[in-house]
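FYI, it's all coordinate maths here, none of it is from the lab. Given the structure is predicted, the values throughout are model-derived calculations rather than measurements. Glycine gets a Cβ as well: all are built from the backbone with ideal geometry, and neighbour counts include every protein chain shown.
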Amino acid sequence: MCVHDFADREGETDIVYPAAAVDEAAIAHMRNDAGGLICVAVADPVAEAFGLPFLADALDHPAVDDDPDYDDRSSFSLPVNHRETFTGITDADRARTVVELADAAAAVDADPAGYGPEDFAAEFRAPGHVHVLRGDREGLDGRTGHTELGLAMAEAVDAAPAVVVCEMLDDETGAALSPADAATYADRRGIPYVEGSDLVETLE
């Protein structure tokens, strides 16, 4: 699915996948047709169970400045690789990491007390090549980024609380792909194109 957030926010369209459905072809699709950063968003309770901080809170460096123009803070947590990957960057490695994150998120969703930071560390290592995003504690009531939009869609269809998001970039300008061009792309590929405002209205 292609999801445009808001013109007065990032003004970007992301390709969004349920994390559990990602395979090597999906990773190739996102890096070739979108071009942005491939990230996995997990719901706040899942991030808590994983023991994942916001990255800006975990770093002690003078370069840390978590005050983006488009929001109160970024959603970035740790970048990780699954421990059974090699470098972590290949399509197969990233797909493995994404699917294993979805499986871990589903395990937390089913039994919040049965999975903790030690379990996460046994499966994943940081730094890695898949950036984990931490959803807002209040969901769409607290933040309306692609992280929360994707997670709200996952919740609506009773999927694991983990989604992949990747920004769509314009090959000619290097800027964010315009909503019109993203909608045209989606129509050509037979992929739904949705405005964030419509999603908020439908899902809240």
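So that you can scan it fast, the table gives a plain yes or no per residue for (1) of a type in the set (A, V, I, L, M); (2) farther than 27 Å from E10 by Cα; (3) touching a residue at least 24 places away in the same chain (Cβ under 8 Å):
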{"position": "G116", "(1), (2), (3)": "no, yes, yes"}
{"position": "A122", "(1), (2), (3)": "yes, yes, yes"}
{"position": "V130", "(1), (2), (3)": "yes, no, yes"}
{"position": "E138", "(1), (2), (3)": "no, no, no"}
{"position": "H146", "(1), (2), (3)": "no, no, yes"}
{"position": "L149", "(1), (2), (3)": "yes, no, yes"}
{"position": "A154", "(1), (2), (3)": "yes, no, yes"}
{"position": "A159", "(1), (2), (3)": "yes, no, yes"}
{"position": "A162", "(1), (2), (3)": "yes, no, yes"}
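On the stretch given as the range 96-127, residues that are surrounded by 14 or more Cβ atoms within 10 Å (Cβ to Cβ) and closer than 19 Å to F76 by Cα total 13. Considered as a group, the residues in the range 110-157 that are within 17 Å of the chain's Cα centre (by Cα) and charged (D, E, K, R) include one that is nearest to V3 (Cα to Cα), and that residue is E148. Each residue in the range 35-51 was checked for being surrounded by fewer than 22 Cβ atoms within 10 Å (Cβ to Cβ) and touching a residue at least 40 places away in the same chain (Cβ under 8 Å), and 6 of them qualify.
Criterion first (farther than 18 Å from I38 by Cβ, among the aromatic types (F, W, Y) and either under 12 Å from the mean Cα position of the chain (by Cα) or surrounded by 17 or more Cβ atoms within 10 Å (Cβ to Cβ) (or both)) does Y185 satisfy it? For Y185, the condition - farther than 18 Å from I38 by Cβ, among the aromatic types (F, W, Y) and either under 12 Å from the mean Cα position of the chain (by Cα) or surrounded by 17 or more Cβ atoms within 10 Å (Cβ to Cβ) (or both) - is not met.
Using the structure shown, decide if A26 is outside any helix (DSSP H, G or I), touching a strand residue (DSSP E or B) at 6+ places or on another chain (Cβ under 6 Å) and within 20 Å of C2 (Cα to Cα). Answer is no for this residue. Of all residues in the range 53-70, none satisfies being in a loop (DSSP other than H, G, I, E, B), surrounded by 21 or more Cβ atoms within 10 Å (Cβ to Cβ) and under 17 Å from the mean Cα position of the chain (by Cα).
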